[in-house]
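What follows draws every value from the coordinates through simple rules; no lab data is involved. Keep in mind that what you see is a predicted model, and the values were worked out from it rather than measured. So basically every Cβ, Gly included, is an ideal-geometry build from the backbone, and we count neighbours across all protein chains shown.
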Amino acid sequence: TRTPVNVTVTGAAGQIGYALLFRIASGQLLGADVPVKLRLLEITPALKAAEGTAMELDDCAFPLLQGIDITDDPNVAFSGANVGLLVGARPRTAGMERGDLLAANGGIFGPQGKAINDNAADDIKILVVGNPANTNALIARASAPDVPASRFTAMTRLDHNRALSQLAKKTGAPLTEIRRLTIWGNHSATQYPDIFHAEVAGKNAAEVVNDEKWLAEDFIPTVAKRGAAIIAARGASSAASAANAAIDHVFTWVNGTPDGDWTSAGIVSDGSYGVPEGLISSFPVTAKDGKFEIVQGLDINDFSRSRIDASVQELADERDAVRELGLI
Ligand code: NDP
């Protein structure tokens, strides 16, 4: 029998947490043969709600679920953790300045980074979902000097999946025929979904679409502003699709990308494609043996270059702001 994998989820009593935990426990995060132990981290007032979710998890009688711990102490939550899904974050509220938002999140992701540094297992893999995800990941990473930088990632898989779905609709091709899409930059409205290297049934996607107006005025804004459209329609932010993307991200990281395809993830830049070293930016990535690698050698045309640069500039500005606040 395999040793269980310790999976820590922060903000576990929130909306995304509720959509995520049952799928982790059923084997969809790591594989249908991998037992898991869950650690739920919440702020003290939300512990009770987390206990309710844990009762429901018990009631599912998932064969792979070998235990649930609930705590408000990050050191306990990350003790021996192999996978950390950092979902809880301080949302932006009306009238809040960016500096206030970054400072509030620094107060969450700094201590969590330190707790990861001091307590997690050697093979810890971190996915930050809570926004601003890229910069929260940067803060956690800065507080975890003993953990390799490559273990800190930020989620752009939801943006990737949204782009896949929009492209499938536009071309009429099934999703299974679309490959090599890329989300570049920040998980924010400046992100750039790139179809110039994508393929639809083996043909270049930009050539199949052959409609730059659609690209600039429909596809890119639809993908980038999808979160707001869902709030407007549903009266609540996306939760099940965000949880689904988190599952996809970790499953791919652990189990690899299919031959000939890639995905998108926010990972620490090594300077590739002119993205300053150290920024946590979304790139086209393959995964193999539990490691993400940036796809190299893609030609970046002017249309793409200006959009990638704008999103990366936003990441650099966020980094400078958290640096000034002393958070990194
Ligand atoms: P959700 O579970 O809906 O969202 C959690 C975070 O995910 C938010 O920062 C949200 O950002 C982000 N997110 C990223 N991508 C998406 C997406 N595509 N769609 C929606 N959200 C996305 O929030 P809830 O308020 O329901 O729950 C948050 C929980 O976290 C609460 O239970 C709270 O107590 C807890 N919390 C725990 C902390 C801790 O463990 N130390 C710290 C802070 C909070 P955005 O707001 O921009 O949508």
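How high is the FRET efficiency from SER26 to ALA149, r the C-beta distance, R0 35 Å, rounded to 0.05? With a Förster radius of 35 Å, E is 0.65.
Residues considered: ALA232, ALA189, ALA154. Largest GNM mean-square fluctuation over the chain, using C-alpha springs under 10 Å, is found at ALA232. If you wrap the Cα atoms of the range 143-227 in a convex hull and average its projected area over all directions, you get 6.5 nm². Counting other Cβ atoms within 10 Å, which trypsin sites (Lys or Arg not before Pro) in the range 132-239 have at most 13 and lie in a DSSP loop? When the trypsin sites (Lys or Arg not before Pro) of the range 132-239 are filtered for loop state and at most 13 Cβ neighbours within 10 Å, LYS225 remain.
Just round it to a whole percent: the fraction of Cα-Cα distances in the range 1-105 exceeding 25 Å.
Roughly 22 percent, once rounded to a whole number.
Within straight-line reach of LYS213, meaning a Cα separation under 16 Å, sit the following lysines at least 8 residues removed in sequence or on another chain: LYS170.
Which of GLY110, GLY95, GLY271 moves the most in a Gaussian network model of the chain with Cα springs under 10 Å? Judging by the Gaussian network model, the answer is GLY95.
Within straight-line reach of LYS291, meaning a Cα separation under 12 Å, sit the following aspartates and glutamates at least 8 residues removed in sequence or on another chain: ASP123.
Taking the inverse of the mean 1/r over every pair of distinct Cα atoms in the range 165-209 gives a Kirkwood hydrodynamic radius of 10.8 Å.
When Rg and Dmax are taken over the Cα atoms of the range 157-318, they come to 15.0, 42 Å.
Checking every one of the trypsin sites (Lys or Arg not before Pro) in the range 28-117 against DSSP loop status and a limit of 15 other Cβ atoms within 10 Å picks out ARG92.
Of the Cα atoms belonging to the range 33-192, the radius of gyration and Dmax stand at 17.9, 50 Å. Result for the chain in a Gaussian network model with C-alpha springs under 10 Å: among GLY227, GLY99, GLY84, the largest mean-square fluctuation is at GLY99. The P(r) of the chain has a tail past 26 Å containing 45 percent of all C-alpha pairs.
Within straight-line reach of LYS288, meaning a Cα separation under 28 Å, sit the following lysines at least 8 residues removed in sequence or on another chain: LYS37, LYS114, LYS125, LYS203. Among the trypsin sites (Lys or Arg not before Pro) in the range 277-328, none sits in a DSSP loop with a Cβ that has at most 15 other Cβ atoms within 10 Å.
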